[in-house]
Amino acid sequence: MFNDVFEILNDTDTELTIVLEPWAQAYGLQKNQMLRFEASSAESGEFEVVSNEGLTKIYGWPGCTLKVLSNEEIIDEWKLPLPDIPVGMTMKRFVELLFGE
């Protein structure tokens, strides 16, 4: 089993936006709030994270399921594994191809 964890803490004075792709699920992260993203899959992979001026996008990988935790409580969970994408393509690139940047 392959696992990856990504934690993000908002240590700024402004709200941050976190978008989980390809689910298109957005979270507003308040000052001093932290979210933890836990993914697991039978297929190898890891999160791809892109941050830019108050917006962070977190991309899963084919085959992964995911949990989002705040204060050690699950606030979202996706139990259905992500489907395969074309060989050699990242999930980020696949989402951009389908929906634009």
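The values are calculated or read from the model by the stated rules, or taken from the named source; none is laboratory data. All of these numbers come straight from a predicted model, not from anything done at the bench. Quick reminder, even Gly has a Cβ in these numbers, built from the backbone with ideal geometry, and neighbours come from all protein chains shown.
Summary of values
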| item | result |
| --- | --- |
| The stretch 83-98 - residue that is in contact with a strand residue (DSSP E or B) (Cβ under 8 Å, 6 or more places away or on another chain) and not basic (Lys, Arg) and, of those, farthest from Glu46 (Cα to Cα) | Val95 |
| Criterion: buried (at least 17 other Cβ atoms within 10 Å of the Cβ), among the polar types (S, T, N, Q) and out of contact with any Ser or Thr (no Cβ under 8 Å at 6 or more places or on another chain) - qualifying residue of Asn32, Asn10 | Asn10 |
| Considering residues of the stretch 68-97 that are of a type in the set (A, V, I, L, M, F, W, C) and at pLDDT below 90 only, the residue farthest from Leu35 (Cα to Cα) | Val87 |
| Unique match (being out of contact with any helix residue (DSSP H, G or I) (no Cβ under 7 Å at 6 or more places or on another chain), closer than 19 Å to Phe94 by Cα, surrounded by fewer than 17 Cβ atoms within 10 Å (Cβ to Cβ) and among the polar types (S, T, N, Q)) among Ser51, Ser41 | Ser51 |
| Residues of the stretch 16-45 classified as among the charged types (D, E, K, R) and either under 17 Å from Ile74 (Cα atoms) or within 9 Å of the chain's Cα centre (by Cα) (or both), total | 3 |
| Total residues in the stretch 24-78, condition assigned to a strand (DSSP E or B), within 24 Å of Asp13 (Cβ to Cβ) and small (Gly, Ala, Ser) | 4 |
| Residue check for Asp4: exposed (fewer than 11 other Cβ atoms within 10 Å of the Cβ) and acidic (Asp, Glu) | no |
| Residue in the stretch 84-100 that is of a type in the set (Phe, Trp, Tyr), surrounded by 15 or more Cβ atoms within 10 Å (Cβ to Cβ) and over 12 Å from the mean Cα position of the chain (by Cα) present | yes |
